[in-house]
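Notes for the one structure printed next.
Each reported figure results from applying straightforward, stated rules to the coordinates on display, with no laboratory input. Treat the numbers as computed from the prediction; the structure is a model and nothing was measured. Every residue, glycine as well, gets a Cβ built from its backbone with ideal geometry; the counts of neighbours run over all protein chains shown.
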Amino acid sequence: MSTALNDNSLHAAIPRSGLLLPPEPPMLAPGIVHSSFSVQGDARQSFPAWQERTSPVYDIRPASKQADDTFNASLSRYTIDNLSLFDFHTAPNLAERSLGRVSTESIRDITFSVYLAGPPGQFLGGKPSLDGPHIPHVPSILALDMDQPCTVRSFHGRILMLFVPRVLVERSFPDAASLHGRSIHATTPLTRILVEHLVALRKQIVGLSKEQARQSFLTAVELLVAAFSRQAGLSGNGRAAVRAAVYGQVRRYVETNLHDPDLSPESVLASLHLSRASVYHMFEHEGGLAAYI
């Protein structure tokens, strides 16, 4: 028995990986500012706490007179210079910016809310420009001008919200005010790439440098503006942003499937439904997609 438990046999029985300490969680790069907040439980305490946390931008009210007994919500915010990405998990509520509030504040950003899970937010008041009724299980995107009054009804769900400086939007969409209340569904190749790009940014921002994250933010902005420009019948197509997003899509697919023996340029093109010519040009500086793999 004693010889069966000698040091050599013990080491042989335990994989080396089992003897190592778990790696420390990755940290955000300097220059990327992060904050988070969450509430849960009794709505008499959690709802006022949520109201206070979101009060710098919105006045939050109960969704109905018969409010739920519990209220659970959370946010995670990532900021680089003047760009911010919020990841919200929400419970039903009304978010309001009144005329009185708007007229006394200096917030003039354009926000884009991507509704990933649950029903999309409802823009109340005014004449929202929709591209059709809600399509279940398809993300939708709502644009709002923080320099105009609005009320938005939210439900149980998850939202990625991007705060974009007005001047950045107006480089490609001069009449940014006309975006207010517009909503589009992610049913086109452009909007699907946009949603995937934003989700990937949220997942991978911890591993990016500040400049990499900032460029990814700017690509998202270009894609958003291009999508709403198309809806409005304008000429902007955001080709550079689309190329950047597709390049990231291919790179993520290759990294995820790197150990798959069947990974090849053909399998990448088939899985992502991309043309050989377009992908070759994207990876030309790498010697082509095959060389990159």
Practice item. Calculate, in whole percent, how much of the Cα-Cα pair population of segment 26-256 lies beyond 31 Å. Key: 19 percent
Practice item. Beta carbons within 10 angstrom, averaged per residue: use that to sort the peptides 97-107, 81-91, highest first. Key: 81-91, 97-107
Study note, to complete from the structure: When 142, 224, 263 are ranked with the fewest other C-beta atoms within 10 Å first, the list becomes 263, 142, 224
Review point. Counting alpha carbon pairs within less than 8 Å and at least 6 residues apart, what relative contact order, in whole percent, applies to segment 26-256?
Key: 20 percent
Exercise for review: Sort 138, 169, 254 so that the residue with the fewest other Cβ atoms within 10 Å of its own Cβ comes first and the one with the most comes last.
Suggested key: 138, 254, 169
